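*Asks:* What follows is a single structure, and I will ask about it in a moment.
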Amino acid sequence: MNILAGKFGGRKIKTSQKLRYRPTKSRVRKSLFDHLSPFAFNSVLDLFSGSGIFGFEAASRGASSITFVEKETTIFNLLKQNAKLLAGPDYVFHRSDVFGYLNRCETYDLIFADPPYSKYDMVPLVERVLQHLNKKGKFILECEKNQVPFMDADVRDYGQTRILYWENA
C-alpha cells in the first residue's frame, strides 16, 4: 500500500493479507485529504488504526504528532515497523481499546476513526470523540454507506464507503 502525497508520497507501508483490517481505499484517502486541503493539522489521532495508512498520510502531509490506537497485538507491531520506515514526526502508539483510550487522552486537531463495521454504536463513539477535538479541529468517521447520518454530520459517499465529517467551530 502506497502513501499518496507529501514528503513520503509513493513510499510503501508493510501490510499483511493475513491480518484482520480493512485499509481505507486509495481513492477514498485522496478525496479525504483533498477535502482537508490545505492540510493544517499538527496533532492527529488515528483510532482503530489497522494499517495506519490514514496516520501515515497525515504525517506525510506535515502533521507533527500522530497517535495510533490499535488493540490487536500483531497489527500494533506492524504499525511500529512502518513508523520506523517513515521517520520524521512524533509517533505515539497505544495498544488499547478505543473507548479505554478515550477515557484518558488529550485533545487533537484531527481525529480519524474507521471502526469495524456493524460492531459499534456510532453515536456514543462520536459523542466521546468530539470531546477530544481541538477548536477548529475535524473528526472523520469512515463507515458503511448504509449508516444514517446523525449529529449534523457532513456526508460524502465513495462506492460502498460513507465518510461523516464534524468540525469543532
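*Asks:* Working carefully through the options ARG104, ARG128, ARG61, find the one that is basic (Lys, Arg) and in contact with a Leu (Cβ under 7 Å, 6 or more places away or on another chain).
*Replies:* ARG128
*Asks:* Within the stretch 13-33, restricting attention to residues that are farther than 15 Å from PHE112 by Cβ and free of Cβ contacts under 8 Å to residues at least 40 places away in the same chain, which residue is surrounded by the fewest Cβ atoms within 10 Å (Cβ to Cβ)?
*Replies:* The selected residue is GLN17.
*Asks:* Still on this structure, I have one more. So, of the residues in the stretch 78-93 that are crowded, with 16+ Cβ neighbours inside 10 Å and in contact (Cβ under 8 Å) with a residue 40 or more places away in the chain, which turns out to be nearest to LEU4 (Cα to Cα)?
*Replies:* For the stretch 78-93, the residue satisfying everything is LEU86.
*Asks:* If you don't mind, another one. Can you name the condition, by its number, that ILE75 falls short on among (1) within 15 Å of the chain's Cα centre (by Cα); (2) more than 21 Å from PHE139 (Cβ to Cβ); (3) touching a residue at least 60 places away in the same chain (Cβ under 8 Å)?
*Replies:* Single failed check for ILE75: (3).
*Asks:* Out of the stretch 132-163, which residues are surrounded by 16 or more Cβ atoms within 10 Å (Cβ to Cβ) and of a type in the set (A, V, I, L, M, F, W, C)?
*Replies:* Result: LEU133, PHE139, ILE140, LEU141, CYS143, ALA153, ILE163.
*Asks:* Look through SER96, SER65 and report the one residue that is within 29 Å of GLY10 (Cβ to Cβ) and either buried (at least 19 other Cβ atoms within 10 Å of the Cβ) or not charged (D, E, K, R) (or both).
*Replies:* Only one candidate passes the filter, namely SER65.
*Asks:* So, one more: Filter the stretch 100-121 for residues that are surrounded by 12 or more Cβ atoms within 10 Å (Cβ to Cβ), more than 15 Å from the chain's Cα centre (by Cα) and of a type outside the set (Ser, Thr, Tyr); which is nearest to GLY50 (Cα to Cα)?
*Replies:* That would be GLY100.
FYI, it's all coordinate maths here, none of it is from the lab. Quantities reported herein were computed from a predicted structural model and do not represent experimental measurements. Virtual Cβ from ideal backbone geometry, glycine too; neighbours counted across all protein chains shown.
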